1. Identify, please: which residue in segment 11-54 is in contact with a helix residue (DSSP H, G or I) (Cβ under 7 Å, 6 or more places away or on another chain) and either of a type outside the set (A, V, I, L, M) or under 27 Å from Glu69 (Cβ atoms) (or both) and is, among those, surrounded by the most Cβ atoms within 10 Å (Cβ to Cβ)?
2. Being farther than 20 Å from Ile19 by Cα and either in contact (Cβ under 8 Å) with a residue 60 or more places away in the chain or exposed (fewer than 15 other Cβ atoms within 10 Å of the Cβ) (or both) is the requirement here; does Glu58 meet it?
Amino acid sequence: MCLSIPSKIIEILPDNYAIVDTMGVKRKVSLDLMPEPVDIGDYVLIHVGYAMTKMREEDALESIKVYEEIIRHMEEEERKEIFGE
């Protein structure tokens, strides 16, 4: 299974590439498979280094919020295991 986290385009590069920010991690992705144009500030879903789908900002932010809750829950569970809380 592949989970795709919404990524925000922060820079458009030559040759149909972009730099995206995925929850604080920046990476270069190809825009070759995008069915529509994108701009800085747009959110996209990425698969194996290719931006595949543009998302509405509201949907992207809601998805990121859910991922952050999952991470927080996992960190709490890990802390309980380590420290016996």
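1. It comes out as Tyr43.
2. Numbers: farther than 20 Å from Ile19 by Cα: yes; either in contact (Cβ under 8 Å) with a residue 60 or more places away in the chain or exposed (fewer than 15 other Cβ atoms within 10 Å of the Cβ) (or both): yes.
Yes; evaluated as a whole, the condition is true for this residue.
Any read-out appearing in this document is the output of simple, stated calculations on the displayed coordinates, not a laboratory observation. Because the structure is predicted, anything quoted here is derived from the model rather than measured. Cβ atoms come from the backbone with ideal geometry, glycine included; neighbour counts cover every protein chain shown.
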